[in-house]
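Okay, structure first, notes after.
The values are calculated or read from the model by the stated rules, or taken from the named source; none is laboratory data. Owing to the predicted nature of the structure, the values given are computational and were not obtained by experimental measurement. Don't worry about glycine lacking a Cβ; one is built from the backbone with ideal geometry, like all the others, and counts go over all protein chains shown. Just the protein is used for accessible areas: all its heavy atoms, side chains included, with ligands, DNA and RNA removed. Shrake-Rupley method; radii C 1.70, N 1.55, O 1.52, S 1.80 Å.
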Amino acid sequence: MEEISSLMHGFAVALSPMNLVLMFVGVVLGVLIGVLPGLGGANGVAILLPLTFTMAQTPGGTTSAIILLSCIYWGALFGGAITSILFNIPGEPWSVATTFDGYPLAQQGRAGNALAAAFTSSFIGALVAVVLITFLSPFVARFALQFGPPEYFSVYLLTFCAFIGMSKGNPVKTIAAMMLGFALAAVGLDKVTGQLRLTFGHTELLKGFDFLIAVIGLFGIGEILKTLEEGLEFKGTQAKINARVVLETWKELPRYWLTSIRSSAIGCFMGIVPGGATPASFMSYGVAQRMSRQGAHFGSSDKPQIEGVVAPETAAHAAGTSALLPMLTLGVPGSPTAAVLLGGLLIWGLQPGPLLFTEQKDFVWGLIASMYLGNIAGLIVVLTCVPLFAAILRIPFAIIAPVILVICAIGAYTVAGAMFDVYMMVVFGVAGYVFSKLNYPLAPLVLAIVLGDRAEESFRQAMLVSQGDLGIFFSNGLVGTMTVLALGLLVWPFLAGLMARLRGKS
Amino acid sequence: MSDFSGRPAATVRVVEMVVAALIACGGSVVIYDSIRLGSKWAEDGPQAGYFPFYIGLILVVSSAAIFFKALRAGSRATFVTVPQLKLVLSVLVPTAIYTAAIAWLGMYVASTLFIAWFMWVLGRYSVARILPVALGVSVFFFLLFEIWFKVPLPKGPLEAALGLN
Amino acid sequence: MKFSRIVAALFAAGAVLAGSAAQAWEPTKSVEFVVPAGTGGGADQMARLIQGIVAKNGLMKQSMIVVNKGGGAGAEGFLEVKGAKGDPHKIIITLSNLFTTPMATGVPFNWKDLTPVSMMALDQFVLWVNAESPYKTAKEYIDAVKKAGPNKFKMGGTGSRQEDQIITVAIEKQTGVKFTYIPFKGGGDVAVQLVGKHIDSSVNNPIEAVAQWRGGKLRPLCVFDDERMPYKQKVTDTMSWADIPPCKQAGVDVDYLMLRGIFMAPGVTEDQRVFYVRLMQRVRGTPEWKEFMEKGAFNTSALMGDDYRTWVAKEEQRHQQLMKEAGFLAGSK
């Protein structure tokens, strides 16, 4: 096969000692960036971009440069899970769903297992996506072109329905929480008409509410406040920490092979479309919860599931990786980080687009080879650090709690460089504490902030296209299938309940 | 673990009603601004205020439902006891002061003071333990953000005096 | 235009002399380079290129840090620089939202709140259609739009009430056709939507669509400038940028160029301004910059000092007029 020989050539390009060093440097930096909330892969790549400018001028230098930058990206994908599991603070948007089961696991003293599962499934997700990129890129690029505004809307709808249909708890409170999220998402500039919404002349509100601010507050600060009620310590401090924890987890993981396959597929699909890693992680979590026999225990504090960590992490990493494909073949970034990488390619004098694969063979295959190698490097780095990460939980509360609060404040500030966001973080923290005590579900709120404005934007774009005709969401096989599937997932719990009741009566 | 049973500071019912009322207020604000923007379905699809209008409406309706349910049959169980609330406030209030202090002391000085205060008051550590942690964390973040990542964080008079900004 | 360029050159020469004579001001800490747009867009790319050039060639002792503040169609970034009165360590790169954002949203700022430093280049706009569509010239395309009736053809663009939509409205005014304008997040998205045939045409900047053009997916019809672009090197097998006719020749009398310029905070001293004027001049002299200009088919006009100020003032007038005609001013529906 031609791809294999190209790939082997790519390995030869990527496997220079210099590039290997860059790989490990990139991964370590990326993990650090991933751990710090607010500082995302996009920041990391953007910050190092000018450095690579010089690098790219030497022969073969563009490959080294992209290896360094893409390894930061892999590192950030891995790193996002760490604080989610240990402290309920998602380091990156796509690790929010990881907190649902990861954090309860850590509270039960199984932080090591949760981390090992998260890292391993991230790796598997990435691997599946890279294989896809290696062998199916021309086909996949054509598929991505099918996506116009109505298709995007139906993808978001599908994400929503996959996740929300499973929500437990008071339905009125679920709806209220979700609508709060939508309302927060609507603040700022309306992209379709260019009007300002819900800002009331306050310039701080122009940029809207970033989802990370809400998440740091609701989950991170809220959780610390809740923990305080029971005294000055974190649960799960008696975590057993030894190097065998990784092997132990690996023994358990093959049980979830079906979830892994499903989540990889969801992730790749969402990455290529491009819908993004964050929706992918939510969708995958929702689907896993429906399909799993242990679904009822997902996200519970007494019986959290490793599977609930596997699903979002696999999908997020698969989506994050496959998001590079539309960037390379179409010049459309599938994620903010990919957007910065794209800028990098242009500055180095490479033109992403349909011709990149034929004109810059060395570069493209070097990059693809580095995706394999970079992820292996990443896995090695993070897995060896699992005991170290888990040991952080042993630091006394009075030391680690203020440090976490400082990290939250820095994180909230770095999202947009605004003090207003730091104040909002505290407000969200109080809201998170009160909401979780009153059993308002936080996940639908967060998902609504992530997807709200994107879904509305594509809905209204679609309406412009069709001049107000809703039929556009059923106008072709692709969009029709997704819409029907989404609506089916939404009503399924009701139908199932109804059926059960009918059966009970007869 | 110590006993936090204590006197109740608030019942679930009251907090439930207060939160519902706040959400309803939020919903009303959303509705108000949506009407200003235009909340109709125009010929070529929804106007800017169309979705926010219904979001606001659902917020008001659902919070009203929560409010009246709590009024009629709210749980009289304790939402939080006084000792618990004191503990929560003992962290929340300094955190709020800390975030306010960032604006004029800068991120690094404020963080150092916050960590030191926390360790001293809540952890009762000795100065010998506090200083290295509080200073170390801030210096680490300074190096990380200002030098390494080149992400400027807020800085105050101390950095200006040292010529570090 | 020619006269003003000579004046600009003279002025620049004067500035260089003045700068070297008096012991010039230099940044004492790292300079924040604000981008009033998200990461990955045209302004962001240019800012990061400038940052890279400055770092690589050691044009400045202190480092330059790019910060994205794109909230509220860039208002966030502009307000930040406006608020940093007298701070010489903050510069901002602009796009047309310098004019359109305050006009469309009523956010309180104006270019006069900032100190103009230098025009770096002007970005061109090209009318693109899908390569599989039958239209070979702008005239054929506009005729087809006219024949189909209002709202049958879809024009995609970046953002709402911004440059792309202004151009669309100008075309409509000029030719009497009516498009359905569909706003997207970024130029790259628009180009791909056009390749996927979800829209019928776009007014992408050259750099946003060049990859798809080279890949044979898009076809340029005309450029919204008075003259042809000067770049004669072949981009595709058969065409160069210079082969794209001006829209005026093709019967669509619309010209629009987008400012890529540098501004500083208000209240800075003359010395401080001159430092950045010289810095940007040196940036424009590097081979990396020239390569970037050619790749993106930029119009390489550069102005400084009073000429720049006059140009910006005139451009503001023009935008006021265009926005008013299009009904995009704040408060109007």
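Assorted remarks:
- Here C:ASN110 and C:LYS178 are evaluated by their C-beta separation; at R0 = 25 Å the FRET efficiency comes out at 0.20.
- For the segment C:150-160, counting C-beta atoms of other chains within 10 Å of every residue's C-beta and taking the mean gives 2.
- Theoretical ellipticity at 222 nm over chain A - DSSP helices of four or more residues, -39500 (n - 2.57) apiece, nearest 500: -24000 deg cm²/dmol
- Region C:126-243 - charge dipole about Cα centre, Lys and Arg +1 at Cβ, Asp and Glu -1, debye rounded to 20: 320 debye
- For A:LEU196, distant residues with modelled amide H under 5 Å away: A:ASP190
- Between the exposed loop cleavage positions of chain A, defined as GluC sites (Glu not before Pro) in a non-H, G, I, E, B DSSP state with at most 16 neighbouring beta-carbon atoms within 10 angstrom, the longest gap is A:234-506.
- Share of carbon and sulfur in the accessible heavy-atom surface of region A:284-357 [1.4 Å probe, %]: 53 percent
- Across peptide A:355-363, the mean count of Cβ atoms from other chains lying within 10 Å of each residue's own Cβ comes to 1.
- Distance between the pseudo-spin-label points of A:THR358 and C:ALA55 (7 Å out from Cα toward the beta carbon): 3.5 nm.
- Between chain C and chain B, the total buried accessible area stands at approximately 400 Å², from heavy atoms with a 1.4 Å probe.
- A 1.4 Å probe run over region A:15-75, with the rest of the protein chains in place, finds 29 Å² accessible per residue.
- Among the listed pairs B:LYS150/C:LYS69; B:LYS150/C:LYS90; C:LYS136/C:LYS234; C:LYS29/C:LYS295; C:LYS29/C:LYS85; C:LYS217/C:LYS295, those whose Cα-Cα separation exceeds 21 Å are C:LYS29/C:LYS295.
- On a per residue basis, the convex hull of the C-alpha atoms belonging to chain A measures out at 165 Å³.
- Interface area, chains A and C: about 3800 Å² of buried accessible surface, summed, with a 1.4 Å probe and ligands, DNA and RNA left out.
- Selection from C:PRO102, C:ILE166, A:ALA129 lying farthest towards where the dipole of the protein assembly as shown points positive, charges on Cβ: A:ALA129
- Scaling the Cα radius of gyration of the protein assembly as shown by the globular reference 2.2 N^0.38 Å produces a ratio of 0.92.
- What region A:118-199 shows is 30 Å² of accessible area per residue, with the surface traced by a 1.4 Å probe over protein heavy atoms.
- Structure-based [θ]222 nm, chain C - -39500 (n - 2.57) summed over DSSP H runs of at least 4, per residue, nearest 500: -13500 deg cm²/dmol
- The lysines within cross-link reach of A:LYS437, meaning a Cα-to-Cα straight distance under 21 Å and a gap of 8 or more places when in the same chain, are A:LYS168, A:LYS173, A:LYS226, A:LYS235, A:LYS303, B:LYS69, B:LYS86.
- Between region B:92-113 and region A:438-467, the alpha-carbon center distance in angstrom: 35 Å
- Kirkwood analysis of the Cα pair distances in region A:415-506 returns a hydrodynamic radius of 17.4 Å.
- Within the accessible area of chain C (1.4 Å probe), percent carbon and sulfur: 52 percent
- Region B:104-165: trypsin sites (Lys or Arg not before Pro) in DSSP loop, at most 13 other beta carbons within 10 Å: B:ARG124
- What the Cβ-Cβ distance of A:VAL491 and B:LEU135 gives, at R0 = 51 Å and to the nearest 0.05, is a FRET efficiency of 0.30.
- Rounded, prolate or oblate (a/c below 1.5 giving rounded, otherwise prolate when a/b exceeds b/c) for chain C by Cα gyration tensor: prolate
- Shape call, region A:67-174: gyration tensor on alpha carbons, a/c limit 1.5: oblate
- Of the residues C:ALA148, C:VAL195, C:ALA131, the one whose Cα sits farthest toward the positive end of the charge dipole of region C:126-243, with +1 on the Cβ of Lys and Arg and -1 on the Cβ of Asp and Glu, is C:ALA148.
- Taking θ as phi - 60° and the Karplus parameters 6.51, -1.76 and 1.60, the scalar couplings of region A:278-295 work out to 5, x, 4, 5, 5, 4, 5, 4, x, 5, 4, 5, 5, 7, 6, 5, 8, x Hz in sequence order, x denoting glycine and proline.
- Just the protein heavy atoms count here, and of the accessible area of region B:8-76 at 1.4 Å, carbon and sulfur take up 69 percent.
- Residues whose amide H falls under 5 Å from that of C:PHE153, counting only those 5 or more places apart or on a different chain, are C:THR180, with hydrogens built in the peptide plane.
- Remark on region A:123-180: hydrodynamic radius 14.5 angstrom, per the Kirkwood mean of 1/r across alpha carbon pairs.
- The residues packed around C:PRO150, meaning those with a beta-carbon under 10 Å from its beta-carbon, carry a net charge of +2 if Lys and Arg are +1 and Asp and Glu are -1.
- Cβ neighbours within 10 Å from other chains - mean over C:42-49: 4
- Computing FRET efficiency as 1/(1 + (r/R0)^6) for B:ILE97 and B:TYR32, where r is the C-beta to C-beta distance and R0 is 30 Å, gives about 0.35.
- Loop-located GluC sites (Glu not before Pro) in region C:101-165 whose Cβ has at most 11 other Cβ within 10 Å (DSSP): C:GLU132
- Full-extension gain in nm, B:LYS40 to B:ARG7, via 0.36 nm per residue minus C-alpha separation: 6.7 nm
- Loop GluC sites (Glu not before Pro), region C:225-333, which have at most 12 other Cβ atoms in a 10 Å radius of their Cβ (DSSP): C:GLU227
- Spatial separation of Cα centroids for region A:66-104 and region C:129-169, in angstrom: 43 Å
- Put simply, chains A and B cover up around 5500 Å² of each other's accessible surface, both sides summed, when a 1.4 Å probe is used.
- Disulfide-incompatible cysteines by the Cβ rule (no partner under 4.7 Å) in the protein assembly as shown: A:CYS71, A:CYS161, A:CYS268, A:CYS385, A:CYS408, B:CYS25
- Charges were assigned to the Cβ only: +1 to each Lys and Arg, -1 to each Asp and Glu. The resulting dipole of region C:251-329 about its Cα centre is roughly 200 debye.
- Based on DSSP H segments of at least four residues, each scored -39500 (n - 2.57), chain B has a per-residue ellipticity at 222 nm of -22500 deg cm²/dmol.
- In the full protein context, chain C carries 37 Å² of accessible surface per residue, based on a 1.4 Å probe and ignoring ligands, DNA and RNA.
- Inter-site label distance for A:ILE380 and B:ARG76 at 7 Å from Cα along Cβ, in nm: 6.6 nm
- Cα-based reach from C:LYS314 at 23 Å (exclusive), listing lysines while leaving out same-chain residues under 8 positions away: C:LYS2, C:LYS82, C:LYS112, C:LYS173, C:LYS248, C:LYS324
- Mean-position separation - Cα centroids, region A:296-332 and region C:69-105, in angstrom: 37 Å
- Rounded if a/c under 1.5, otherwise prolate or oblate - region A:17-124, Cα gyration tensor axes: prolate
- Segment C:ALA131-C:ARG309, length gained on full extension (0.36 nm per residue, minus Cα span): 60.0 nm
- Close amide H pairs (under 5 Å, H built 1.01 Å from N) link C:GLU32 with C:ILE65, C:LYS90, C:ILE91, residues at least 5 positions away or on another chain.
- Region B:82-162 - convex hull of alpha carbons, volume per residue in Å³: 93 Å³
- Charge context of B:VAL80, other residues only, Cβ under 11 angstrom, K/R +1, D/E -1: +3
- Here the simple spin-label model places points 7 Å from the Cα toward Cβ, and for A:LEU502 and B:PHE68 these points are separated by 3.2 nm.
- Summing charges over neighbours of B:LYS69, with a neighbour being any other residue whose Cβ is under 13 Å away from its Cβ, gives +2 when K and R count +1 and D and E count -1.
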